[in-house]
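The values are calculated or read from the model by the stated rules, or taken from the named source; none is laboratory data. This structure is a prediction, so every number in the text was calculated from the model and none was measured. Cβ sites come from the backbone with ideal geometry, for glycine too, and all protein chains shown count toward neighbours. Quick note on the areas: whole protein, heavy atoms, side chains included, nothing else; ligands and nucleic acids left out. Shrake-Rupley method; radii C 1.70, N 1.55, O 1.52, S 1.80 Å.
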Amino acid sequence: MIIEPPLVRGLIAAQFPHWADLPVEAVGANGTANAIYRLGADKTVRLPRTEDSAADAPPAHRAEPLASRDPATREAIARLDGVLDRAGPAAAWQEALAAEPFTDQPVWVHGDLQPGNVLVAEGRLTAVIDFGCTGLADPAVDLIAGWYLLTAGARETFRTAVGADDATWARGRGWALSIALLELAHYRDTNPVMAEIAAHVIAEILTAPSGARGGFPPGP
């Protein structure tokens, strides 16, 4: 495929209009599979020259349907008998499974928005790190930030900002619960920091009233 600057400029204008005025310049060497152009002073554009070299997004580490985590989540609840009252997590997990499943096109997610993966300075987010779980998945996966990173009041603001509907929010809460249960079961004797975070997330989820805006929608 022949890739010329006008094509690059057209793609930038259509997808990143705020960069449309930046100059486009081909790099000195031509690649076999990809063409690379400089965009302004500090950006590059990489485009495939052949159909075989076109890189579709990979599935995220947590790209599976929420329901597929049922056996592992219930096993974690059983392992935590005596650490947690099993009835609460079991009921909350059952409500998560009752949420409408995700059937749309998957989107890019970070996949692991937990305290260890966000950097904060003076109370403000400065960076997100650790992209090992990144890929395409249900957008609800990244809603775990609501319980892993935010207080109950901030969670309401977060939900409004992202525009999550009831089903997506319920799945996000279910993802947070499942991840936290598995982490607590796995790390409670080996990693006190991660275990403490997981226990906090579980407590945040279980104290939110079922059916409230911050919790699960009522079941059928």
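Some points to look at:
- Residue separation of ASP56 and HIS200 scaled by 0.36 nm, minus their Cα-Cα distance, works out to 48.2 nm of gained length.
- Local net charge near HIS110, Cβ-Cβ under 12 Å (Lys/Arg +1, Asp/Glu -1): -2
- Option label - Rg/Rh (Cα atoms, Kirkwood Rh) computed here, alternatives (i) 1.01; (ii) 1.08; (iii) 0.96: (ii)
- Accessible surface, per residue, of the chain when the full set of protein chains is kept, probe 1.4 Å, Å²: 57 Å²
- With all protein chains in place and a 1.4 Å probe, the accessible surface of the chain carries 56 percent carbon and sulfur.
- Net charge dipole, the chain: roughly 200 debye, given to the nearest 20, about the Cα centre with Cβ charges of +1 for Lys and Arg and -1 for Asp and Glu.
- Karplus (6.51, -1.76, 1.60) ³J(HN,Hα), θ = phi - 60°, over region 183-197, in Hz, Gly and Pro reported as x: 5, 5, 5, 7, 9, 5, 9, 10, 9, x, 5, 5, 5, 5, 4
- Area projected by the alpha carbon convex hull of region 38-124, averaged over all directions, nm²: 11.2 nm²
- Using the Cβ-Cβ distance between ALA72 and ALA121 with R0 = 35 Å, the FRET efficiency computed as 1/(1 + (r/R0)^6) comes to roughly 0.45.
- Cα-projected label distance for ASP165 with ASP42, points at 7 Å along beta-carbon direction, nm: 3.9 nm
- For region 30-105, the dipole from Cβ point charges (+1 on Lys and Arg, -1 on Asp and Glu) about the Cα centre works out to 420 debye, to the nearest 20.
- Of the beta bridges in region 1-147, as assigned by DSSP with both residues counted there, near 90 percent are antiparallel.
- Cβ-Cβ FRET estimate between ASP130 and ILE2, R0 fixed at 25 Å, reported to 0.05: 0.05
- Mean separation of Cα contacts under 8 Å, 6 or more apart, over the residue count of region 1-152: relative contact order %: 19 percent
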